[in-house]
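Trainee: The structure follows.
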Amino acid sequence: MLSYRLLSHLRFTHPNLFSPMFGLITVAWCLSISSAAESIQVQSRLSPKTISLEQSAILKITLFGETQLGKISPPELPTVDSDMWQALSISYLGSSNQYQFSNGKIPVVMTWSYSLKPKKIGIITIPPFKIEYNNEILSTKPHKLQINSSSFNDNGVNSYENPFYGGIQRIEANVDRTNPYLNQQVTYTFRYFYTARLPNPDSPNYIAPSFSHFSQKRLNLDSNQTKTINGQQFRMEEIKVALFPLKTGRVIIEPAKLRFPISPGLTDNAPPPELITNSVGLDIQSLPTVGKPVNFNNIIGQYEIRASLDKKSVQLNEAVILTVEVFGYGNFETHPNLQLPVMKQFITHAPEIQYKSEIRQEKIYGNRVYKYVLVPVQLGVTSIPSISYSHFDPMSEQYNEISTAVLSLKVLPKSIDVRGIGASANITANTQIKKKMNLIYTASKFFFILLMICGVYFSVKWLQDYKNDKRKKQVKTDPLQNAIQAIRRTETFGDLSTIIYNYVGETHDKSAIGWNPEMVRQHLVNRSIPVKLVSALIDILRQCDLEQFAVTDRQATIEHIRIQTQQLLTQIDQHK
């Protein structure tokens with residue numbers, strides 16, 4: 001408003017000066033706009049650039065410059081007719097901004113993040129995203145995204161199909177992010193897929209990579225899952241490990257292995273091969289230098305901090321406990337100990353440190369507690385200053401500095417205990433009484449312990465005698481009747497096969513744990529059971545294994561097999 005009045009005044013009072021001055025002001029205004037436009041830049045980053053159909057990529061678009069950006073609309077997505085929409089599903093993850101005072105200006109950084117989920121394999125071109133700022137269109141650069149097929153390698157050594165028994169065995173290994181920051185958690189997942197159990201009593205042996213250049217912690221084992229792959233249903237078992245990179249640059253996780261044991265009773269059948277996953281490569285990023293605090297101690301994660309005193313007021317030279325708690329997601333094992341600010345009004349003792357960790361949503365969540373003993377040496381109301389804690393948040397890619405609240409403590413003069421003067425005269429007499437009482441207490445405790453030992457001895461002896469009497473009265477039941485009753489109650493094919501194994505084991509006085517159809521065949525043939533009955537029973541066992549994954553009318557099928565199994569066991573039992 002003032003500039004407008006000044007120009008109006010010059011126009012009427014000094015018309016010869018008005019035109020040149022107006023031109024200079026116009027040129028300066030245009031240059032300021034041009035300079036502001038040139039100071040705004042836009043960048044985009046795609047990570048990772050190669051993924052499989054089961055993974056996702058993250059696209060981040062960043063607008064930054066030394067100016068006040070104000071309210072800016074999010075970037076414009078490519079048009080609907082773009083080929084990108086046919087190959088990708090795009091989800092908006094949110095935005096963030098960061099301000100920093102430097103050289104008398106305020107650089108502003110705004111970031112928008114998108115998740116890209118592939119629909120098909122191939123090389124996908126991500127066209128430029130556009131942002132409108134100050135009547136100017138800013139564009140990002142295009143990106144290429146390589147989409148590979150499923151992480152299964154049908155021609156490699158990570159899959160196996162048993163030609164004798166049937167069933168497919170497969171393994172794979174991957175990580176949830178391929179370009180983490182230093183000391184940021186990376187979840188390594190090993191998966192074992194199978195359609196049927198191999199005929200051996202022992203489980204396959206998982207041989208993990210060495211995970212050199214990582215700090216590691218085993219996550220929970222997730223079992224009893226199913227997954228459909230290429231139209232075929234698999235059972236799946238997972239092993240997950242939290243890894244924290246300890247060095248930057250390219251790091252390769254060597255392949256994991258799954259080694260199968262040799263099946264007993266099948267000496268003429270070659271053992272399954274050792275399955276091996278592909279190696280996994282990661283590009284570990286170093287932490288950014290922009291915005292790094294001066295007191296930063298290489299702490300990476302997401303944390304909070306709080307502090308408290310166990311008393312609000314104490315006497316001079318009376319101890320008070322300061323508790324400082326740091327908690328959140330990250331690798332606490334690499335954290336340096338907390339440093340308190342200088343407090344001359346206290347004598348500070350070394351802290352007692354307690355640490356515990358747990359797994360929350362497949363992340364390492366920790367809680368470290370520092371307990372300091374403080375002894376005040378000054379009277380009056382004093383305070384515990386704020387305790388700061390700097391860390392780098394890899395999710396927001398920003399440095400954060402958190403701190404505790406200021407705590408107040410009232411220090412009072414030390415009072416004199418008048419009762420202590422009179423009590424000193426009775427110390428000698430009280431000492432003699434305490435000695436006699438301690439002697440009586442010790443004798444009573446010894447007698448009580450002896451009484452407890454006798455009671456436990458006679459109780460255990462009575463219980464053993466009772467069990468022996470009960471065991472003698474038990475009558476051995478008929479294995480056939482047990483099997484028939486269990487078959488009538490069973491609802492699943494897995495339970496039905498277990499009943500058959502238990503019947504054969506009981507009639508042969510052996511445990512049926514780890515048996516397979518071929519072992520059942522050998523035991524029945526050795527007992528001179530007709531080959532026709534043995535073959536029919538083996539067919540039922542194989543059908544039970546296959547029916548667990550088949551898409552059929554399960555109720556009708558299991559009812560038919562139940563009746564057939566009862567008849568076969570009855571006929572076999574007659575040949576004992």
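The values are calculated or read from the model by the stated rules, or taken from the named source; none is laboratory data. Computed from a prediction, not measured in an experiment: that's the story for all the values here. Neighbour counts run over all protein chains shown; Cβ positions are idealised from the backbone, glycine included.
Trainee: Here is a check on your reading of the model: is GLU325 closer than 18 Å to ASN183 by Cα and in contact (Cβ under 8 Å) with a residue 40 or more places away in the chain?
Mentor: It is false that GLU325 is closer than 18 Å to ASN183 by Cα and in contact (Cβ under 8 Å) with a residue 40 or more places away in the chain.
Trainee: Shifting gears a bit: State whether one or more residues within segment 319-337 are in contact with a His (Cβ under 8 Å, 6 or more places away or on another chain), within 21 Å of GLU397 (Cβ to Cβ) and outside any loop (DSSP other than H, G, I, E, B).
Mentor: Checking segment 319-337: at least one residue is in contact with a His (Cβ under 8 Å, 6 or more places away or on another chain), within 21 Å of GLU397 (Cβ to Cβ) and outside any loop (DSSP other than H, G, I, E, B).
Trainee: Being surrounded by 14 or more Cβ atoms within 10 Å (Cβ to Cβ) and either assigned to a loop (DSSP other than H, G, I, E, B) or touching a residue at least 40 places away in the same chain (Cβ under 8 Å) (or both): is that true of SER408 here?
Mentor: Answer is no for this residue.
Trainee: Within segment 179-214, which residues are within 27 Å of ILE229 (Cβ to Cβ) and touching a Gly at 6+ places or on another chain (Cβ under 9 Å)?
Mentor: Hits for segment 179-214 are TYR194, THR195, ALA196, ARG197, LEU198, PRO199, ASN200, ASP202.
Trainee: Could you check how many residues of segment 276-294 are among the hydroxyl-bearing types (Ser, Thr, Tyr) and touching a residue at least 40 places away in the same chain (Cβ under 8 Å)?
Mentor: Step one: list which residues in segment 276-294 are among the hydroxyl-bearing types (Ser, Thr, Tyr), which gives 277, 279, 286, 289.
Okay, now just the ones that are also touching a residue at least 40 places away in the same chain (Cβ under 8 Å), so 277, 286.
Qualifying residue count, segment 276-294: 2.
Trainee: What number of residues within segment 325-342 are over 30 Å from VAL241 (Cα atoms) and touching a strand residue (DSSP E or B) at 6+ places or on another chain (Cβ under 8 Å)?
Mentor: Here the count works out to 1.
Trainee: Against the condition modelled with pLDDT of 95 or more, of a type in the set (Ser, Thr, Tyr) and not assigned by TED's automatic domain parsing to the domain that holds ALA242, how does TYR355 come out, does it pass?
Mentor: Considered against the rule, which asks whether it is modelled with pLDDT of 95 or more, of a type in the set (Ser, Thr, Tyr) and not assigned by TED's automatic domain parsing to the domain that holds ALA242, TYR355 comes out as no.
Trainee: Check off (1) assigned to a loop (DSSP other than H, G, I, E, B); (2) at pLDDT below 75; (3) not aromatic (Phe, Trp, Tyr) for PRO209 and give me the number that stays unchecked.
Mentor: If we test PRO209 against (1) assigned to a loop (DSSP other than H, G, I, E, B); (2) at pLDDT below 75; (3) not aromatic (Phe, Trp, Tyr), just (2) comes out false.
Trainee: Go over the candidates ILE500, ILE529, ILE487 one by one and state the one that is touching a His at 6+ places or on another chain (Cβ under 9 Å) and at pLDDT 85 or above.
Mentor: ILE529
Trainee: For segment 282-308, name all the residues that are of a type in the set (S, T, N, Q), touching a Leu at 6+ places or on another chain (Cβ under 9 Å), part of a loop (DSSP other than H, G, I, E, B) and farther than 15 Å from SER388 by Cα.
Mentor: The answer is SER286, and nothing else.
Trainee: Could you list all residues from segment 321-337 that are modelled with pLDDT of 95 or more, over 19 Å from the mean Cα position of the chain (by Cα) and not polar (S, T, N, Q)?
Mentor: ILE321, LEU322, VAL324, GLU325, VAL326
Trainee: Looking only at segment 476-501, filter to residues that are of a type in the set (Ser, Thr, Tyr) and touching a residue at least 60 places away in the same chain (Cβ under 8 Å); which one of those is surrounded by the most Cβ atoms within 10 Å (Cβ to Cβ)? Give the derivation first.
Mentor: Start the filter on segment 476-501 by keeping residues that are of a type in the set (Ser, Thr, Tyr), which leaves 477, 490, 492, 497-498, 501.
After this cut, where a residue has to be touching a residue at least 60 places away in the same chain (Cβ under 8 Å) as well, the list is 490, 492.
Values: THR490: 17, THR492: 13.
If we take residues in segment 476-501 being of a type in the set (Ser, Thr, Tyr) and touching a residue at least 60 places away in the same chain (Cβ under 8 Å), then THR490 is surrounded by the most Cβ atoms within 10 Å (Cβ to Cβ).
Trainee: At least 3 residues that are surrounded by 14 or more Cβ atoms within 10 Å (Cβ to Cβ) and of a type in the set (D, E, K, R) in each: list the strands (runs of 3 or more DSSP E) lying fully within segment 216-257 that qualify.
Mentor: Fully inside segment 216-257 and qualifying: 232-245.
Trainee: Could you grab the pairs with beta carbons closer than 7 Å, sequence gap of 6+ or different chains, first residue in segment 133-145 and in contact (Cβ under 8 Å) with a residue 40 or more places away in the chain and under 15 Å from TYR114 (Cβ atoms), second one part of a loop (DSSP other than H, G, I, E, B) and among the acidic types (Asp, Glu)?
Mentor: none
Trainee: Further, regarding this structure: Which of the residues belonging to segment 338-388 are touching a residue at least 12 places away in the same chain (Cβ under 8 Å), within 28 Å of the chain's Cα centre (by Cα) and in a loop (DSSP other than H, G, I, E, B)?
Mentor: Scanning segment 338-388 gives LEU338, GLU362.
Trainee: Hey, another quick one. Looking at segment 37-149, what strands (runs of 3 or more DSSP E) fall wholly within it and have at least 2 residues that are at pLDDT 80 or above and closer than 24 Å to ASN179 by Cβ?
Mentor: Values: elements: 41-47, 50-52, 57-66, 88-99, 107-118, 122-126, 130-133, 136-139, 143-148.
So the answer is 41-47, 57-66, 88-99, 107-118, 122-126, 143-148.
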